[in-house]
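Enquirer: The structure is given below, and queries will be raised subsequently.
The values are calculated or read from the model by the stated rules, or taken from the named source; none is laboratory data. Values in this document were obtained by computation on a predicted structure and should not be read as measured data. All Cβ positions, glycine included, derive from the backbone under ideal geometry; neighbour counts span all protein chains shown.
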Amino acid sequence: MEKRAHYGLIRSLVGKKIFMALTGLFLCLFLVAHLSGNLQLLIPGYKGRLQFNNYAVFMTTFPLVKMVSYVLYVSIVIHVLDALVLTWRNRKARKVDYAVKSGYGSSLASRNMGVLGTLILVFLVVHLANFWYVYKFGQTPYMTTPEGHYITAKGEVLPDAELRDGHLFAGGLDKGPAMKDLYEVVRQAFSEFWIVALYVLSMVPLGFHLVHGFQSGFQTLGLRSGRWAGLLQKTSLAFGIIIPALFAVIPLLLFFLPEKFN
Ligand code: HEM
């Protein structure tokens, strides 16, 4: 009877590790997509502002993308909860550990995945409060052309429109929601030194977490063997350096070279 309970426990821990691997690799994919979207912040002038704000409309209204973002929220929650359970069980049993134990900078990271993950979680809470919450529920400025005309969320410029409760009215007609200026929210945030410092510093634990987590995810799924093992380790290292570094470059450039980008 006791043996059965033991196997049950092992099965549930293996299940949790598989869920952690799947959600973690999905979060890696999200990071690549998120980074590509955010790099549009570096397109100079009005063109970049319009492109980034159009992209934000697409990301928050296109049905398929909206569905994927619900998967994202669930993945973050599962990843964090499974990590808590595994760490707790691990402490008790000292038997279940991350699969990959060595490699470029990975051993240090593998022993500290919980701490690194917690730092990333703190960053994420601040980050979502900075942008996601403000865009969805806060006071966001509205996008205007250089001539000062409002634009609808669908991209129609309305020279004589009036803005009421987030909607544009022209000739007495409701022309739909106005385009929000998320670019401006990001620009303002990255004009403050402490926010820039927080973003840049937070990319360090993210990098270590990714260097280890990326390869560990593949290993847990049984996708690390033979010649691919070495390549996976190098890919993991590259992923953990390049992605956080590019994320860090965005606030740094907007802070130090504001006249180039705005
Ligand atoms: C320069 C760095 C970054 C910038 C400028 C940035 C910008 C943004 C903006 C503007 C939003 C709100 C957009 C929206 O709701 O569609 C957002 C959402 C989000 N960001 Fe970031 N981000 C950065 C780095 C990161 C990093 C490193 C992570 C993860 C560790 C992250 C995770 C998220 C998540 C999970 C959301 C919510 C996405 C959704 O609702 O679909 N971001 N980010």
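Enquirer: Which of (1) more than 10 Å from the ligand (Cβ to nearest atom); (2) out of contact with any Ser or Thr (no Cβ under 9 Å at 6 or more places or on another chain) is the odd one out, the single condition Glu184 does not satisfy?
Expert: Checking Glu184 against (1) more than 10 Å from the ligand (Cβ to nearest atom); (2) out of contact with any Ser or Thr (no Cβ under 9 Å at 6 or more places or on another chain), the one that fails is (2).
Enquirer: Limited to the range 185-197, what total is found for residues that are outside any loop (DSSP other than H, G, I, E, B) and surrounded by fewer than 16 Cβ atoms within 10 Å (Cβ to Cβ)?
Expert: Pass one, the range 185-197, residues outside any loop (DSSP other than H, G, I, E, B): 185-189, 193-197.
Still in the list and also surrounded by fewer than 16 Cβ atoms within 10 Å (Cβ to Cβ): 188, 193-194, 197.
Residues in the range 185-197 being outside any loop (DSSP other than H, G, I, E, B) and surrounded by fewer than 16 Cβ atoms within 10 Å (Cβ to Cβ): 4 in total.
Enquirer: Out of the range 155-184, which residues are at positive phi and surrounded by 12 or more Cβ atoms within 10 Å (Cβ to Cβ)?
Expert: Pass one, the range 155-184, residues at positive phi: 155, 165-166, 171-172, 176.
Correct list: Gly155, Gly166, Gly176.
Yes or no, residue by residue, for (1) in a helix (DSSP H, G or I); (2) without any contact (Cβ under 8 Å) to a residue 40 or more places away in the chain; (3) more than 15 Å from the ligand (Cβ to nearest atom):
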{"position": "Asp174", "(1), (2), (3)": "no, yes, yes"}
{"position": "Tyr199", "(1), (2), (3)": "yes, no, no"}
{"position": "Gly217", "(1), (2), (3)": "yes, no, yes"}
{"position": "Leu231", "(1), (2), (3)": "yes, yes, yes"}
{"position": "Thr235", "(1), (2), (3)": "yes, yes, yes"}
{"position": "Ala245", "(1), (2), (3)": "yes, no, no"}
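Rundown of residues vs (1) touching a Gly at 6+ places or on another chain (Cβ under 8 Å); (2) among the hydrophobic types (A, V, I, L, M, F, W, C); (3) part of a strand (DSSP E or B), yes/no style:
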position: Thr118; (1), (2), (3): no, no, no
position: Phe123; (1), (2), (3): no, yes, no
position: Val126; (1), (2), (3): no, yes, no
position: Asn130; (1), (2), (3): no, no, no
position: Tyr135; (1), (2), (3): no, no, no
position: Ile151; (1), (2), (3): no, yes, yes
position: Gly155; (1), (2), (3): no, no, no
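Residue-by-condition table, conditions (1) in contact with a Phe, Trp or Tyr (Cβ under 7 Å, 6 or more places away or on another chain); (2) closer than 21 Å to Phe261 by Cα; (3) assigned by TED's automatic domain parsing to the domain that holds Phe256:
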{"residue": "Asn130", "(1), (2), (3)": "no, yes, yes"}
{"residue": "Arg164", "(1), (2), (3)": "no, no, no"}
{"residue": "Leu168", "(1), (2), (3)": "yes, no, no"}
{"residue": "Ser191", "(1), (2), (3)": "yes, yes, yes"}
{"residue": "Ile195", "(1), (2), (3)": "no, yes, yes"}
{"residue": "Leu201", "(1), (2), (3)": "no, no, yes"}
{"residue": "Leu206", "(1), (2), (3)": "no, no, yes"}
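Enquirer: Leu206: modelled with pLDDT of 95 or more, within 30 Å of Tyr46 (Cα to Cα) and either touching an Asp or Glu at 6+ places or on another chain (Cβ under 9 Å) or part of a helix (DSSP H, G or I) (or both), yes or no?
Expert: On the way: modelled with pLDDT of 95 or more: yes; within 30 Å of Tyr46 (Cα to Cα): no; either touching an Asp or Glu at 6+ places or on another chain (Cβ under 9 Å) or part of a helix (DSSP H, G or I) (or both): yes.
For Leu206, the condition - modelled with pLDDT of 95 or more, within 30 Å of Tyr46 (Cα to Cα) and either touching an Asp or Glu at 6+ places or on another chain (Cβ under 9 Å) or part of a helix (DSSP H, G or I) (or both) - is not met.
Enquirer: Among the numbered criteria (1) near the ligand (Cβ under 10 Å from one of its atoms); (2) among the β-branched types (Val, Ile, Thr); (3) closer than 26 Å to Thr144 by Cα, which one does Ile43 miss?
Expert: (1)
Enquirer: Being among the polar types (S, T, N, Q) and either buried (at least 17 other Cβ atoms within 10 Å of the Cβ) or not assigned by TED's automatic domain parsing to the domain that holds Phe123 (or both) narrows it down to one residue among Thr152, Thr235; which is it? Can you show your working first?
Expert: Details: Thr235 fails: either buried (at least 17 other Cβ atoms within 10 Å of the Cβ) or not assigned by TED's automatic domain parsing to the domain that holds Phe123 (or both).
Result: Thr152 is the single residue among Thr152, Thr235 that is among the polar types (S, T, N, Q) and either buried (at least 17 other Cβ atoms within 10 Å of the Cβ) or not assigned by TED's automatic domain parsing to the domain that holds Phe123 (or both).
Enquirer: In the list Leu29, Leu50, which residue meets the criterion of being more than 8 Å from the ligand (Cβ to nearest atom) and free of Cβ contacts under 8 Å to residues at least 12 places away in the same chain? Don't jump to the end; show me each part of the working.
Expert: Values: Leu50 fails: free of Cβ contacts under 8 Å to residues at least 12 places away in the same chain.
From the options Leu29, Leu50, the qualifying one is Leu29.
Enquirer: Regarding the range 164-171, can at least one residue be identified that is of a type in the set (Lys, Arg) and away from the ligand (no atom under 16 Å from the Cβ)? So that I can check it myself, show each step before the final result.
Expert: At the first step, the residues of the range 164-171 found to be of a type in the set (Lys, Arg) are 164.
Those still in the list that are away from the ligand (no atom under 16 Å from the Cβ) too: 164.
For the range 164-171, residues of a type in the set (Lys, Arg) and away from the ligand (no atom under 16 Å from the Cβ): present.
Enquirer: Looking at the range 120-137, which of its residues are within 11 Å of the chain's Cα centre (by Cα) and basic (Lys, Arg)?
Expert: Answer for the range 120-137, where residues must be within 11 Å of the chain's Cα centre (by Cα) and basic (Lys, Arg): there is none.
Enquirer: Right, another one. What number of residues within the range 102-135 are on the phi < 0 side of the Ramachandran plot, at pLDDT below 95 and surrounded by fewer than 18 Cβ atoms within 10 Å (Cβ to Cβ)?
Expert: The number of residues fulfilling the criteria is 9.
Enquirer: Does the range 226-235 contain any residue that is within 17 Å of the chain's Cα centre (by Cα) and either modelled with pLDDT under 95 or at negative phi (or both)?
Expert: No, the range 226-235 contains no residue that is within 17 Å of the chain's Cα centre (by Cα) and either modelled with pLDDT under 95 or at negative phi (or both).
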